[in-house]
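The values are calculated or read from the model by the stated rules, or taken from the named source; none is laboratory data. These numbers were taken from a predicted model, which means no experiment stands behind them. Note that each Cβ is placed from the backbone with ideal geometry, even for glycine, and that neighbours are counted across all protein chains shown.
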Amino acid sequence: MKQNPKVSLLFSNPEGSKVGKHAVLVQGIAHADDSDLDHGWEKYLSYWRKKEPYIDAYLAEREKFGWFWKRIVVQVEPKKILAWKNGDTSKSPEVFGV
Amino acid sequence: MTSLDYHRLGNFRYAIITLVGDDGFPFSVSTDFKIMPDKKIVLQKPAQPSKLDGKRVNVLFNHITGLPGGGYGDRRYMLVWGTTHEHHGTLTFEPEKVSEWDEKILPFDQYCAKTAPQGAKYLGKLQASVEA
């Protein structure tokens, strides 16, 4: 990712994206921060907990899951966003940020 | 190719096609699919990318169920590499290689333990390329 930071994120599953049936593709530049694998991600824990409340059970036994808690933080700087209303990808998307 | 379980594949509701665009960015788009009696995988052709004939792509089939208290269950995916072919407006997908996970078959912690050597191997190769 450091060698080739061009990435994309697709939000297309209403169960996870919570944006209805719409589909959104974000293309951008990834900035990977691996300077502190053990603690660098902790400032984002509240967001993670909101999405997956049971994460606290793993956190309580942090020593048992050493591999699980080593995390690289990746921030994506959006360059182009494509959006398909109602998730209808048979039609051309709206494009933002070209 | 690694064996593809078409019965389990048929339990997914949609597919995500991903390929690298001309601008170098990955381009992903969700679409419907169906499995024909002869096991051909037919994808509904998306408006973009406009040209998919002969393209090397990966197709992700995935599923999650939101849990009432937050988080997700019934997590599963099949990530299939292969080639797309267009013929008379029909887009077919020729699978070549598959990796997958289904938490009902392999619980998350066991999945992590099983794939740890694969991860270590990948990181080892990555480290070598970084140092080169």
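Can you tell me which residue within region B:1-50, out of those that are in contact with a helix residue (DSSP H, G or I) (Cβ under 7 Å, 6 or more places away or on another chain) and closer than 12 Å to B:THR92 by Cα, is surrounded by the most Cβ atoms within 10 Å (Cβ to Cβ)? It would help to see each step written out before you state the result.
The initial filter retains those residues of region B:1-50 that are in contact with a helix residue (DSSP H, G or I) (Cβ under 7 Å, 6 or more places away or on another chain), namely B:30, B:35, B:39.
Adding the requirement that they be closer than 12 Å to B:THR92 by Cα leaves B:35, B:39.
On the way: B:ILE35: 14, B:LYS39: 10.
Per the stated criteria, the residue is B:ILE35.
Would you list the strands (runs of 3 or more DSSP E) that sit entirely within region B:1-108 and hold 2 or more residues that are farther than 30 Å from A:GLN3 by Cα and either in contact (Cβ under 8 Å) with a residue 40 or more places away in the chain or within 12 Å of chain A (Cβ to nearest Cβ) (or both)?
B:41-43, B:55-66, B:72-87, B:90-102
For residues that are among the polar types (S, T, N, Q) and out of contact with any strand residue (DSSP E or B) (no Cβ under 7 Å at 6 or more places or on another chain), scanning just region B:79-132, find the one that is surrounded by the fewest Cβ atoms within 10 Å (Cβ to Cβ).
Going through region B:79-132, the residues among the polar types (S, T, N, Q) turn out to be B:83-84, B:90, B:92, B:99, B:110, B:115, B:118, B:127, B:129.
Applying the additional criterion that residues be out of contact with any strand residue (DSSP E or B) (no Cβ under 7 Å at 6 or more places or on another chain) yields B:110, B:115, B:118, B:127, B:129.
Numbers: B:GLN110: 11, B:THR115: 14, B:GLN118: 10, B:GLN127: 10, B:SER129: 8.
Ranking the candidates gives B:SER129 first.
Considering (1) farther than 24 Å from B:CYS112 by Cβ; (2) within 8 Å of chain B (Cβ to nearest Cβ), say which one A:VAL24 fails and leave the rest.
Tallying (1) farther than 24 Å from B:CYS112 by Cβ; (2) within 8 Å of chain B (Cβ to nearest Cβ), A:VAL24 fails exactly one: (2).
Going through A:GLU63, A:GLU15 one at a time, which residue ends up being facing chain B (nearest Cβ under 8 Å), closer than 27 Å to B:LYS114 by Cβ and either in a helix (DSSP H, G or I) or in contact (Cβ under 8 Å) with a residue 40 or more places away in the chain (or both)? Talk me through it step by step, then tell me what you get.
Working: A:GLU63 fails: facing chain B (nearest Cβ under 8 Å).
A:GLU15 is the lone residue from the list that is facing chain B (nearest Cβ under 8 Å), closer than 27 Å to B:LYS114 by Cβ and either in a helix (DSSP H, G or I) or in contact (Cβ under 8 Å) with a residue 40 or more places away in the chain (or both).
So A:ALA30 clears everything in (1) under 26 Å from B:THR115 (Cα atoms); (2) not assigned by TED's automatic domain parsing to the domain that holds A:GLU94 except one condition, right? Which one?
Looking at each condition in turn, A:ALA30 falls short on (2).
For region A:69-98, give me each residue that is assigned to a strand (DSSP E or B) and of a type in the set (Val, Ile, Thr).
Applying the first criterion (assigned to a strand (DSSP E or B)) to region A:69-98 yields A:73-84, A:94-96.
Once the filter is applied, which keeps residues that are assigned to a strand (DSSP E or B) and of a type in the set (Val, Ile, Thr), region A:69-98 yields A:VAL73, A:VAL74, A:VAL76, A:ILE81, A:VAL95.
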